[in-house]
Amino acid sequence: MDDRTPPQPYGLPTATRPLLGLTILIVEDSRFASEAMRLLCMRSGARLRRADCLASARRHLQVYRPSAVIVDFGLPDGSGLDLIAELNEAQPRVGVILGMSGDDRAPHLAAQAGADGCLVKPLDSVMQFQQAIIAHLPQERQIVGPRHVDEDPIRPDPAAYHEDMTHAADLLEDDKDGQVLDYVAQFLGGVAASARDTQLADAADALAQTRKRGAPGDELAVLAHLNAMVRDRLQGRAAI
């Protein structure tokens with residue numbers, strides 16, 4: 001391009017930045033997962049907006065129309081699957097709707113809700129992220145010719161993980177009613193999946209399973225163990 005070339009109304013995709021010109025809305029309450037998404041978008045050329053709950057996402061969608069929406073399943077004010085179903089039924093429909101979760105059943109659940117696809121945590125592959133979106137873009141947004149494949153995994157700032165642990169610790173200190181505990185188990189399970197923290201993921205799953213069984217006696221011990229693990233991560237005694 002030289003100074004005689006008319007400016008483009010928006011960026012066009014290139015071999016190294018195949019999502020250039022797209023705006024992606026991520027609906028995600030985890031700072032660590034959001035930081036991973038920021039790095040993925042930055043390497044791909046996409047602009048990123050974030051909403052941390054369903055209410056914030058719905059307010060955003062009343063004002064802006066993103067090119068793609070990526071929705072985490074577990075949010076503080078409800079299920080992301082409900083938002084996916086709303087987006088799928090809306091007219092005009094958002095171009096690309098993806099679910100996101102650390103749950104092995106995520107692709108099936110996302111498809112049932114009407115999503116075009118699903119990202120399974122941890123999110124660290126630039127190539128997989130790009131392909132999940134490019135596969136559903138219109139022809140005019142596709143790259144002609146070979147595409148550069150970035151094989152280096154992204155590495156989110158551990159400070160974002162610390163923020164998530166602080167949030168979880170605050171929730172565990174508050175009144176531990178059933179709804180809060182269900183959310184904490186879900187939140188920590190997603191964060192742990194994003195960070196490949198298998199020990200914390202197992203502890204979060206143990207709380208979720210104990211809640212499902214309705215075993216209050218076991219719940220106290222499981223909670224104490226989970227709380228200790230969160231504290232270890234806040235004090236740097238467990239690395240990610």
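The values are calculated or read from the model by the stated rules, or taken from the named source; none is laboratory data. Bear in mind that the values here come from a model prediction, so they are computed numbers and not experimental data. Here the Cβ is made from the backbone with ideal geometry for all residues, glycine too, and neighbour counts use every protein chain on show. Just the protein is used for accessible areas: all its heavy atoms, side chains included, with ligands, DNA and RNA removed. Shrake-Rupley method; radii C 1.70, N 1.55, O 1.52, S 1.80 Å.
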Notebook entry, point to check: In a GNM of the chain with a 10 Å cut-off on Cα contacts, which of Leu83, Leu22, Leu220 has the highest mean-square fluctuation?
Noted result: Leu220
Check: Taking R0 as 22 Å, what's the FRET efficiency between His136 and Asp77 from their Cβ-Cβ distance, rounded to 0.05?
Finding: 0.20
Check: Dipole of segment 50-175, Cα-centred, from +1 at each Lys and Arg C-beta and -1 at each Asp and Glu C-beta, to the nearest 20 debye?
Finding: 820
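In what order, largest first, do Lys121, Lys176 sit by accessible area if the probe radius is 1.4 Å? Write down the numbers at each step before the final one.
Numbers: Lys121 15, Lys176 90 Å².
Largest to smallest exposure gives the sequence Lys176, Lys121.
Please give the FRET efficiency for Asp152 paired with Gln235, using the beta carbon to beta carbon distance and R0 = 45 Å, rounded to the nearest 0.05. Numbers along the way, then the final one.
Values: r = 31 Å, r/R0 = 0.68.
Here the calculated transfer efficiency is 0.90.
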Check: Under 16 Å from the 7 Å Cα→Cβ point of Arg105, by amide nitrogen: which residues of segment 200-240?
Finding: 205-206, 208-213
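Kindly provide the helix-only [θ] at 222 nm of the chain, computed as the sum of -39,500 (n - 2.57) over DSSP H runs of four or more divided by all residues, to the nearest 500 deg cm²/dmol?
Rounded to the nearest 500, it is -16000 deg cm²/dmol.
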Notebook entry, point to check: Rank Glu219, Glu140, Glu86 by accessible area, highest first, at a 1.4 Å probe radius?
Noted result: Glu140, Glu86, Glu219
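Within the accessible area of the chain, what % is carbon and sulfur when the probe is 1.4 Å and the other protein chains stay in place? Let's see the in-between values first.
Values: 6220 of 12430 Å².
Here carbon and sulfur together make up 50 percent of the probe-accessible area.
Over segment 3-130, calculate the relative contact order: mean separation of alpha carbon pairs under 8 Å at least 6 apart, over the residue count, as a percent. It would help to have the intermediate numbers written out before the result.
Values: 230 pairs, mean separation 26.9, N = 128.
It comes to 21 percent, rounded to a whole number.
Assuming a ≥ b ≥ c are the square roots of the Cα gyration tensor eigenvalues, decide whether segment 54-172 counts as rounded (a/c under 1.5), prolate (otherwise, with a/b larger than b/c) or oblate.
Numbers: a/c = 1.83, a/b = 1.16, b/c = 1.57.
The shape class here is oblate.
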Next item on the list: Taking all protein chains together and a probe of 1.4 Å, list Asp202, Asp124 from the most accessible to the least accessible.
Entry: Asp202, Asp124
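With only alpha-carbon pairs counted, each pair once and no self-pairs, how large is the Kirkwood hydrodynamic radius of the chain in angstroms? If you can, show how the numbers build up before the last one.
Working: mean 1/r = 0.0528 Å⁻¹.
One decimal place: 18.9 Å for the Kirkwood radius.
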Note to self: If you count only protein heavy atoms and use a 1.4 Å probe, how large is the accessible surface of Tyr64, to the nearest 10 Å²?
What the structure shows: 100
Check: For segment 161-240, with only Lys/Arg (+1) and Asp/Glu (-1) charged at the beta-carbon, what is the dipole magnitude about the Cα centre, in debye rounded to 20?
Finding: 280
Notebook entry, point to check: Residue by residue, what Karplus-based ³J(HN,Hα) values in Hz, rounded to whole numbers, does segment 100-108 have, using 6.51, -1.76 and 1.60 with θ = phi - 60° and x for Gly and Pro?
Noted result: 8, 6, x, 6, 4, 8, 3, x, 5
Check: Per-residue accessible area for Asp152 at 1.4 Å probe radius, Å² rounded to 10?
Finding: 100
Note to self: If packing is taken as the average count of other Cβ atoms within 10 Å, what order do 40-48, 108-116 fall into, highest mean first?
What the structure shows: 40-48, 108-116
Margin query: Just want to confirm a number: the relative contact order over the chain, from Cα pairs under 8 angstrom separated by 6+ residues, in percent.
Written below: 18
